[in-house]
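The values are calculated or read from the model by the stated rules, or taken from the named source; none is laboratory data. Keep in mind that what you see is a predicted model, and the values were worked out from it rather than measured. For neighbour counting, all protein chains shown are included, and Cβ atoms are generated from backbone atoms with ideal geometry for every residue, glycine included.
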């Protein structure tokens, strides 16, 4: 039986009209399911969507011809439009890929109506084209709505985790200091869970190799990067005598902090706490070394990435040093205590000063036990919180007189070198 003789309310006729829509929705579901579940790359996903758009458009365009009671199909125009849409979609991304889909969805039904409806006695002129555009708009909106609905319901892919590093404690003896490669050849002990005892060459970034000698016993952190590369951080020369002095001083400082309780903070007019740390040359330095001199003291760390924080503070300290020398200001010492003693070893601090061309005759960088640094942060009112390799911290720069009494302080990063130079030149108020 010819389809044109079927009554429009018959099941066969309705199925014939609905089948392309059902196939289109099914094809969209299958294609989007493949993209979402197979975790395909962007190029593969784009190719599948282009095929999906072309196929759905073909099915719905055929339906438009069936509605017009014409089995004859203009294959030439269809084959010209669909490849054009596919190639156009390859040139664009995101929302612009809808443009070629819209072109095909609107053009084919309009062409079909313009070509065939007048043959059936329908009104001529622009009416067939308007009818086709309405039908094409319905095809376009329904198909795009389904695709966007599926993409909106898709599980969100989490960003890939950042490459992870592993850190192992290392103990060993320096065999060779290789300045050319900026590395140390170390005979290390067994590293549990990683490697047995052996002799290896390790890069040592950010450290002044002149601080090390062959035969020295060291401790360090061996950092294993995600790609397998190794380097050493926190390299320290083992010296039991110095460790004993530092440990005893840190314990006394901690006891002093505990005994003061909520008043551990030293205000203007109070004396600085007693402490002993290591300088950039790995020498034991007590606060008593600076008695009889005026001291400008701050806290920084060498890996600080914020230009307006530690780098700016160091630049101002350098300015104070050079301007004081030009003005003939004597008995001046500048002291920077690290916020990150685990990484900022004496060798790292020495390299930090060397790279910046700092004159260390009266500019000292200090590091030491973490407990001692924590207590000093409390005493001088500096807040610090670790977030990976980043330290979130406040700034405080203080002026200490010859007797160890705090005479002036500048909190934050907005202070200027002139503030301290003026007080150094004319004297700080008592």
Leading residue by the ranking (surrounded by the fewest Cβ atoms within 10 Å (Cβ to Cβ)) among those in segment 217-234 that are without any contact (Cβ under 8 Å) to a residue 60 or more places away in the chain and not in a strand (DSSP E or B): 228
Flag for residue 235 being within 20 Å of residue 280 (Cα to Cα) and either at pLDDT 95 or above or out of contact with any helix residue (DSSP H, G or I) (no Cβ under 8 Å at 6 or more places or on another chain) (or both): yes
Per-region count, segment 385-418, residues surrounded by fewer than 16 Cβ atoms within 10 Å (Cβ to Cβ) and assigned to a helix (DSSP H, G or I): 1
Condition check for residue 253: modelled with pLDDT of 95 or more and over 33 Å from the mean Cα position of the chain (by Cα): yes
Every residue from segment 333-362 that is assigned to a strand (DSSP E or B) and crowded, with 21+ Cβ neighbours inside 10 Å: 334, 335, 336, 337, 338
Yes/no for residue 344 being closer than 22 Å to residue 251 by Cβ and touching a residue at least 12 places away in the same chain (Cβ under 8 Å): yes
Residue count, segment 289-300 (criterion: in contact (Cβ under 8 Å) with a residue 24 or more places away in the chain and surrounded by fewer than 19 Cβ atoms within 10 Å (Cβ to Cβ)): 3
Tally of residues being assigned to a strand (DSSP E or B) and modelled with pLDDT of 95 or more across segment 179-197: 6
Some residue of segment 302-313 being touching a helix residue (DSSP H, G or I) at 6+ places or on another chain (Cβ under 8 Å) and over 23 Å from residue 258 (Cβ atoms): yes
Test for residue 378: is it loosely packed, with under 15 Cβ neighbours inside 10 Å, at negative phi and touching a helix residue (DSSP H, G or I) at 6+ places or on another chain (Cβ under 8 Å): no
Complete set of residues in segment 301-330 that are surrounded by fewer than 21 Cβ atoms within 10 Å (Cβ to Cβ), in a loop (DSSP other than H, G, I, E, B) and at negative phi: 303, 304, 305, 306, 307, 308, 309, 329, 330
Selection status of residue 219, over 17 Å from residue 182 (Cα atoms) and assigned by TED's automatic domain parsing to the domain that holds residue 173: yes
Residue 382 vs. criteria in contact with a strand residue (DSSP E or B) (Cβ under 8 Å, 6 or more places away or on another chain) and outside any loop (DSSP other than H, G, I, E, B): no
Scan of segment 281-300 for residues that are at negative phi, in contact with a strand residue (DSSP E or B) (Cβ under 7 Å, 6 or more places away or on another chain) and in a loop (DSSP other than H, G, I, E, B), ordered by number: 293
